[in-house]
Every structure is written in C-alpha cells, then in structure tokens.
Amino acid sequence: DGGITQSPKYLFRKEGQNVTLSCEQNLNHDAMYWYRQDPGQGLRLIYYSQIVNDFQKGDIAEGYSVSREKKESFPLTVTSAQKNPTAFYLCASSRGQGDGYTFGSGTRLTVV
Amino acid sequence: GQQVMQIPQYQHVQEGEDFTTYCNSSTTLSNIQWYKQRPGGHPVFLIQLVKSGEVKKQKRLTFQFGEAKKNSSLHITATQTTDVGTYFCAYSTNGNKLVFGAGTILRVKS
C-alpha cells in the first residue's frame with residue numbers, strides 16, 4: 001500500500017543536540033512538506049519541496065534544515081538553534097497544486 | 001500568511017446531536033480543504049471545495065463554501081462517538097502550501 005512513513009514515532013533529545021526526523025513516501029508525489037503542531041494550535045509550515053533538489057522555507061524555518069536528494073525522501077533536521085523544539089512533527093506529500101495532502105503518522109519530539 | 005479563523009475552538013455534544021464548525025477569512029480564498037485528526041493521530045484529508053456556493057456531502061458530513069469564498073462550514077448530522085477529533089480547515093497558496101486554521105475540537109458524550 002502507498003503511504004508516508006515517518007520515523008521514529010517518539011524521539012527524545014538533549015539540549016544542544018541536532019536530531020533528524022525521517023520521512024519517506026511511495027506515492028510518487030512531487031511535493032513534500034514539514035509541519036509543526038503545538039497543543040491548541042493549527043499546523044505551521046516549516047519547509048516544503050516541490051521537486052527533487054529544491055526546497056523552500058516556510059513560516060517557521062529558523063532552527064531547522066532539510067534536504068531533498070530523492071523524490072521519496074524529505075528528512076528534517078532539528079538543530080540546536082531551535083529554541084523550543086518540543087512538538088509534534090508532521091510530514092506530508094501531495095501531487096501538486098490543488099491536491100489534498102497525505103500525512104504521515106508524525107514524530108513526537110521531546111527535549112529533555 | 002493570512003490566517004483563517006475557526007470557531008468554535010471546542011465543542012462537546014451529546015451523541016445524536018448535530019455539530020457545525022465554521023472557517024472564516026477576511027479575504028477571498030481560491031479553495032478550502034477540510035481535515036480530520038483523531039486524538040493521537042494525524043490529519044486525514046476529507047474534501048476540497050473550490051467553487052463559490054459549493055456544497056458537498058459525505059454521508060453525515062456536509063461541507064459548504066460561501067458565495068463570496070471567504071467562509072466555509074462543516075456540518076455533522078447526528079454525531080457518533082467515531083466523529084471525535086479535531087477538524088481543521090485549510091486553504092492552499094502558491095506551491096500548494098496549506099495554511100491551516102487552529103481547528104475545532106469535537107467531543108461526543110455517549
């Protein structure tokens with residue numbers, strides 16, 4: 001079955017560490033996205049990529065980095081520069097303009 | 001980017017009662033999408049509306065897009081416990097970036 005796989009499901013990070021969240025899709029979608037969800041808030045866009053080897057900053061890109069070397073993969077690195085990284089991170093993909101998103105099951109990151 | 005306001009923030013209904021959530025924008029939107037997120041889960045795409053005054057139905061769910069394309073609603077008839085979750089509206093901008101509302105949390109008492 002086609003879908004998006006995010007790993008790990010839970011991640012604990014010490015302050016000052018970088019961590020990388022994995023996102024893989026086998027839907028053959030061109031566009032991929034990373035969103036952050038905090039309690040009581042909607043989803044906020046971190047980064048997005050419309051095509052391989054290209055990506056753009058979203059509304060809250062500071063302290064994050066991404067790469068898009070393969071169509072199937074869009075990993076997100078949460079760097080030590082991100083001041084408040086504890087959140088639920090959601091990866092999504094879509095075929096393109098006007099298409100609904102397919103979301104992964106998310107990664108819950110906690111800074112300890 | 002521009003925000004969409006969702007109301008109410010939270011609603012607790014008795015099973016069998018109807019439920020409506022509203023999504024409002026100060027400017028005209030090209031489209032509206034609706035998503036459902038179950039507790040502990042991830043958002044799942046429900047529907048997209050693009051035409052002025054459009055109405056779409058999915059079983060007990062009715063979606064509307066306003067005539068001015070500035071507001072939208074999701075109505076659930078005779079809620080069931082399986083309807084619990086957070087309902088988000090979102091609109092797409094260039095590059096199919098979605099801007100999400102804050103969501104309406106629905107709880108159903110059985």
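The values are calculated or read from the model by the stated rules, or taken from the named source; none is laboratory data. All of these numbers come straight from a predicted model, not from anything done at the bench. Ideal geometry is used to build each Cβ from the backbone, glycine not excepted, and the neighbour counts take in all protein chains shown. These accessible areas exclude ligands, DNA and RNA; they are computed on the full protein's heavy atoms, side chains included. Shrake-Rupley method; radii C 1.70, N 1.55, O 1.52, S 1.80 Å.
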- request: Looking only at the stretch B:91-99, decide whether some residue is more than 10 Å from chain A (Cβ to nearest Cβ), aromatic (Phe, Trp, Tyr) and farther than 19 Å from A:Leu45 by Cα.
  value: no
- prompt: Scanning for something of a type outside the set (S, T, N, Q), within 13 Å of another protein chain (Cβ to nearest Cβ) and either surrounded by 15 or more Cβ atoms within 10 Å (Cβ to Cβ) or in a strand (DSSP E or B) (or both), does the stretch A:19-26 turn up at least one residue?
  reply: yes
query: Does the stretch A:86-93 contain any residue that is part of a loop (DSSP other than H, G, I, E, B), open to solvent by less than 30 Å² (accessible area, probe 1.4 Å) and within 11 Å of chain B (Cβ to nearest Cβ)?
result: no
- prompt: Considering only strands (runs of 3 or more DSSP E) fully contained in the stretch B:5-104, which possess at least 1 residues that are crowded, with 19+ Cβ neighbours inside 10 Å?
  reply: B:5-7, B:19-24, B:32-37, B:43-49, B:61-65, B:71-76, B:85-92, B:98-100
